[in-house]
Amino acid sequence: MNNILIVDDDINILKLVDVHLTEAGYKVFQAQDGLEALNILRNKNCDLAVVDVMMPYMDGYLLTREIRKNYDIPIVLLTAKNQIEDKEKGFLSGTDDYLVKPFETKELLFRIKALLRRYDRQLDESIVCLGRTVINKKSYEVHIGDQTILLPLKEFELLYFFISNPMQVFTRDHLIEQIWGLDYEGDERTVDVHVKRLRERFSKLTDDFQIKTVRGVGYLLEAKR
């Protein structure tokens with residue numbers, strides 16, 4: 001069951017949307033202003049937010065920016081305005097979708113389902129696992145059992161690439177192109193240094209994988225399990 005946060009100072013809209021989303025199988029949390037919404041987000045795991053633009057204390061644009069700073073969830077803005085400038089302001093604030101009042105609740109449901117599918121797919125693509133090793137490209141964290149390891153950016157990207165492509169041999173040039181980019185002006189020794197650091201970090205933490213040297217060619221990640 002997905003948790004949906006609805007933020008609107010109109011109690012009638014809150015009740016209407018709550019009824020339809022609950023019937024569709026969602027768990028709904030209601031807030032009548034931005035401050036209440038942020039408090040709910042701090043205490044509840046919400047999968048999506050439906051946010052009204054015109055509210056007291058904090059309008060929907062500001063609330064959207066605040067949500068986007070701290071939570072990686074899709075946002076739908078609700079507004080009575082239909083001007084292109086207002087839509088532009090909404091998307092610049094970080095919303096994923098925009099619905100103009102009055103709206104059909106069925107259309108809101110369609111949009112919610114589409115956004116949740118899209119975010120679920122992105123999450124699936126951002127996480128790779130090998131044994132007990134889990135790499136999350138959204139949070140840039142490596143998890144091994146209960147341990148969380150934070151790596152320098154290029155080490156993380158190199159490890160993510162290796163684990164996404166186990167048992168494949170890559171030349172140093174290919175790795176530089178994938179991780180550092182075509183315009184990188186350094187030499188291939190950079191790859192050797194980063195591989196050495198990854199080996200030193202993980203050799204005592206896990207036996208899920210080993211980065212092996214293929215003499216005269218480059219490197220491969222060997223999956224142990």
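Only the coordinates and a few stated rules stand behind these numbers; no lab work does. Just so we're clear, the structure is a prediction, and the values are computed from it rather than from any experiment. For neighbour counting, all protein chains shown are included, and Cβ atoms are generated from backbone atoms with ideal geometry for every residue, glycine included.
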Problem set entry | Sparse-neighbour loop sites [chymotrypsin sites (Phe, Trp or Tyr not before Pro); the range 157-195; at most 15 other C-beta within 10 Å; DSSP] | Y184
Problem set entry | Cα-only radius of gyration and Dmax that characterise the range 1-84, units Å | 11.9, 35
Problem set entry | Only Lys, Arg (+1) and Asp, Glu (-1) charged, at Cβ; the range 33-142 dipole about Cα centre in debye | 300
For this session: Measure nothing but the geometry: give the 0 to 90° angle between the long axis through the Cα atoms of 11-23 and the longest principal axis through the Cα atoms of the chain, rounded to 10°.
Result: 50
For this session: Output the antiparallel fraction of DSSP beta bridges having both residues in the chain, as a percent to the nearest 5.
Result: 55
For this session: May I ask which residue of T206, Q32, L153 lies farthest towards the positive end of the charge dipole of the chain, with charges of +1 (Lys, Arg) and -1 (Asp, Glu) on Cβ and the Cα centre as origin?
Result: T206
Exercise. For the range 70-225, what is the Kirkwood hydrodynamic radius in Å, using each pair of distinct C-alpha atoms?
Worked result: 18.6
Problem set entry | Overall Cα dimensions of the range 116-193 - principal axes, largest extent first, Å | 40, 29, 24
Exercise. Around F29, with a cut-off of 10 angstrom between Cβ atoms, what is the net charge of the other residues, counting Lys and Arg +1 and Asp and Glu -1?
Worked result: 0
Problem set entry | For the range 62-109, the Rg and Dmax computed from alpha carbons only, in angstrom | 11.0, 30
For this session: Give, as a single signed number, the net charge of other residues whose beta carbon lies under 14 Å from the beta carbon of S93, with Lys and Arg counted +1 and Asp and Glu -1.
Result: -2
For this session: Run the dipole for the range 117-172 about the Cα centre, Lys and Arg Cβ at +1, Asp and Glu Cβ at -1, nothing else charged, and hand back the magnitude in debye, nearest 20.
Result: 180
Exercise. How much space per residue, in cubic angstrom, does the convex hull of the C-alpha atoms of the range 38-139 take up?
Worked result: 118
Problem set entry | Cβ-placed point charges (K, R +1; D, E -1), dipole of the chain about Cα centre in debye, nearest 20 | 840
Seminar exercise, completed: Going through K44/K69; K89/K154; K154/K196; K87/K113 one by one, the pairs whose alpha carbons sit over 24 Å apart turn out to be K89/K154
